[in-house]
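A short worksheet on the structure shown next.
The values are calculated or read from the model by the stated rules, or taken from the named source; none is laboratory data. Every value quoted in this text rests on a predicted model; they were computed, and no experiment measured them. Cβ coordinates were reconstructed from backbone atoms using ideal geometry, including for glycine residues, and neighbour counts include every protein chain displayed.
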Amino acid sequence: MNKSNQLPPNQQLAAPGKWPFVGEREPRKSDAAWIVSVEGLVEEPRTWTLDELLALPQVERAVDIHCVTRWLKLGARFRGVLLKMLLELARPKLGAAYISFVARSERDHSTSLPLEDALALETLVAFEYEGEPLDVTHGGPVRTIVPDRYFYKSLKWLERIEVLAEDRLGYWENGIGYHNVADPWQEQRFIAPNLKLAEVRDLMERRDFSGRDLRGIQCEKRDLAGLNARDAALRDAHFERADLSESCFVGANLSNAHFQGAKLCSSKFAEDGKSSADAEGANFCGADLRAADLRGVSLFGATFFPLSPREPWGPAFFDKWTRIDEAAIQTLAATPEQESYVRGVLSLLHDDRSE
Ligand SMILES: Nc1nc2c(c(=O)[nH]1)N[C@H]1C(S)=C(S)[C@@H](COP(=O)(O)O)O[C@H]1N2
Ligand SMILES: [Mo]
């Protein structure tokens, strides 16, 4: 938390003890012993086995985890070695300006930071969480922890630290469009993609977004009733107050989409047997979800109930034809206020006395 005891904008607390995992689930399968190396623009490239790493001076830090999908976890205790220590041993050369962390994972997942920031933020090469070895799903045996950045800057299964003269965008930052600075206090979640205005206008007129990449699209207050957005990439899309009744979002990526005050009555986010949508971090406050079908939708960090009384929108509307199954509700478990709001409304609606 910062000095004023505030949470970063549009973030909500995860329940104590809850730590959802995000992204890849496991490292690349390999029989080779785990090593961590420092390479690139350094005087002395180094490699450490896990035992050698563990033998270096360790520190313990309480770190706030800020997930880009709108949940945070305060004061998570990590133990490890400071990046600064490893770099002092490898000695960056003149001209070293960026650092890229590369994972031992199927897609060689990576993320980067300006060297100066990585050091100033006291990046940790961590192997323990709350006194226990890191779980594999959370990046064990060794991951980086970058305080004060969205958590996608904290790499799981660290294998290689590359010191570079020029930046090399990481997996989420390159193409997928996550913000390369990622400061949660500035809400640097995504960069705006380059959508061609004429094309967007045409798609809106035809109400057909299916299969398109329309991240960050601006559709506030639009009449888009009956929209076909099947399998569309609509992360961070703006649908505030739009009419989206009877629309189809099956298979769409709606993470961090803005649905405040939108009409979503009879919209489908799911279909029997077919992939449902990803709505992690989406904002449904004030949205009309009567008769909407949200079965199996991933809702980590999504909000249905306003995070603060200052928010201009009240809670989302449901009726007894709204379909949210247990699988979808359970994805809200990390944010108990949201979960209990949804459960509460649904049980009221399905209570015979309210009919
Ligand atoms: N190797 C690797 N590291 C990764 C990712 C990934 O997919 N692969 N995802 C990132 C993202 S987006 C987040 S939010 C955090 C999630 O860490 P957790 O699963 O321990 O919560 O890891 C980051 N580091
Ligand atoms: Mo993330």
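Worth pointing out:
- Residue that is nearest to ligand 2 (Cβ to nearest atom) [pool: residues in the range 141-154 that are assigned to a loop (DSSP other than H, G, I, E, B) and either outside the structural domain of Val63 (by TED's automatic domain parsing) or not β-branched (Val, Ile, Thr) (or both)]: Ser154
- Just one of the listed residues (Gly40, Gly95, Gly17, Gly80) is at pLDDT 95 or above and exposed (fewer than 14 other Cβ atoms within 10 Å of the Cβ), and it is Gly95.
- In the range 33-76, the residues that are within 14 Å of ligand 1 (Cβ to nearest atom), of a type in the set (A, V, I, L, M) and farther than 21 Å from Val102 by Cβ: Val63, Ile65, Leu72, Ala76
- Any pair with Cβ under 9 angstrom, 6 or more apart, that starts in the range 50-70 at a residue that is without any contact (Cβ under 8 Å) to a residue 24 or more places away in the chain and ends at one that is assigned to a strand (DSSP E or B) and within 16 Å of ligand 2 (Cβ to nearest atom): Ala62/Ala76
- Filter result for the condition that a residue is modelled with pLDDT under 95 and either among the aromatic types (Phe, Trp, Tyr) or within 22 Å of Phe151 (Cα to Cα) (or both), over Ala277, Ala282, Ala334, Ala257: Ala334
- Scanning the range 170-193 for residues that are assigned to a helix (DSSP H, G or I), exposed (fewer than 15 other Cβ atoms within 10 Å of the Cβ) and not polar (S, T, N, Q) returns a single hit, Trp185.
- Boolean, Trp313 is in contact with a Gly (Cβ under 7 Å, 6 or more places away or on another chain), part of a loop (DSSP other than H, G, I, E, B) and of a type in the set (Phe, Trp, Tyr): yes
Table: residues versus (1) within 25 Å of Gly17 (Cα to Cα); (2) free of Cβ contacts under 8 Å to residues at least 24 places away in the same chain; (3) part of a helix (DSSP H, G or I).
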residue	(1), (2), (3)
Val125	yes, no, no
Glu128	yes, no, no
Gly139	yes, yes, no
Lys156	yes, no, no
Ile161	no, no, no
Arg168	no, no, no
Leu195	no, yes, no
Val200	no, yes, yes
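- Listed by first and then second residue, the pairs linking a residue in the range 229-240 that is under 22 Å from Trp172 (Cβ atoms) and assigned by TED's automatic domain parsing to the domain that holds Cys219 to a residue that is surrounded by fewer than 21 Cβ atoms within 10 Å (Cβ to Cβ) and acidic (Asp, Glu), with Cβ atoms under 7 Å apart and 6 or more places separating them unless they lie on different chains, are Ala233/Asp213; His238/Glu220.
- Condition met for Thr123 (crowded, with 18+ Cβ neighbours inside 10 Å and more than 15 Å from ligand 2 (Cβ to nearest atom)): yes
- Condition broken by Met204, with the remaining ones in (1) part of a helix (DSSP H, G or I); (2) in contact (Cβ under 8 Å) with a residue 24 or more places away in the chain satisfied: (2)
- Some residue of the range 78-90 being closer than 18 Å to Thr144 by Cα, in contact with a Gly (Cβ under 8 Å, 6 or more places away or on another chain) and in the same structural domain as Leu121 (by TED's automatic domain parsing): yes
- Test: residue in the range 77-87 that is away from ligand 2 (no atom under 16 Å from the Cβ), without any contact (Cβ under 8 Å) to a residue 12 or more places away in the chain and not in a strand (DSSP E or B): no
- Within the range 143-178, being under 22 Å from Ser105 (Cα atoms) and more than 11 Å from ligand 1 (Cβ to nearest atom) holds for Arg160, Ile161, Glu162, Val163, Leu164, Asp167, Arg168, Leu169, Asn174, Gly175, Gly177.
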